[in-house]
Amino acid sequence: MARAITEIEAEIRSLSPQAQERLLHVLFEELDGPPDAHAEAAWLEEVQRRSRELDGGLVETIPAQEVFARLRKRLKAHGR
């Protein structure tokens, strides 16, 4: 017979923070499915492309403070 979710939740809450973190990591991996064999290579290629664009002056960088200020302004305009 399957245990009630509430029992499992109580048992998880009784674990140490380190054990909870490990369990969470395992569950995320399980839900995420098998790793994409090409993902690491694709991200490396993307990072290299962006680095070339920055080094070549092909893109404009925006300071984080300005980005966050713009975002706050947009959120405020939408009542959030």
Legend entry - A37 farther than 30 Å from I12 by Cβ, without any contact (Cβ under 8 Å) to a residue 40 or more places away in the chain, within 22 Å of the chain's Cα centre (by Cα) and not in a helix (DSSP H, G or I): yes
Inset, instruction - Considering only residues that are among the acidic types (D, E) and surrounded by 10 or more Cβ atoms within 10 Å (Cβ to Cβ), look in segment 40-63 and name the one that is nearest to the chain's Cα centre (by Cα). - result: E40
Inset, instruction - Working carefully through the options F68, F28, find the one that is under 30 Å from I12 (Cα atoms) and among the hydrophobic types (A, V, I, L, M, F, W, C). - result: F28
Inset, instruction - Could you check how many residues of segment 13-34 are part of a helix (DSSP H, G or I), modelled with pLDDT of 95 or more and loosely packed, with under 10 Cβ neighbours inside 10 Å? - result: 3
Inset, instruction - Give the residues of segment 64-80 that are under 22 Å from the mean Cα position of the chain (by Cα) and loosely packed, with under 10 Cβ neighbours inside 10 Å, sorted by residue number. - result: A64, Q65
Inset, instruction - Enumerate the pairs (first residue in segment 1-29 and in contact (Cβ under 8 Å) with a residue 12 or more places away in the chain; second residue anywhere and loosely packed, with under 10 Cβ neighbours inside 10 Å) with beta-carbon separation below 7 Å, excluding pairs fewer than 6 apart on the same chain, so at least 6 apart or on different chains. - result: none
Inset, instruction - Would you mind stating whether T61 is of a type in the set (S, T, N, Q) and assigned to a loop (DSSP other than H, G, I, E, B)? - result: yes
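The values are calculated or read from the model by the stated rules, or taken from the named source; none is laboratory data. Please read these numbers as outputs of a predicted model, since none were measured by experiment. No Cβ is skipped: glycine too gets one built from the backbone with ideal geometry, and neighbour counts run over all protein chains shown.
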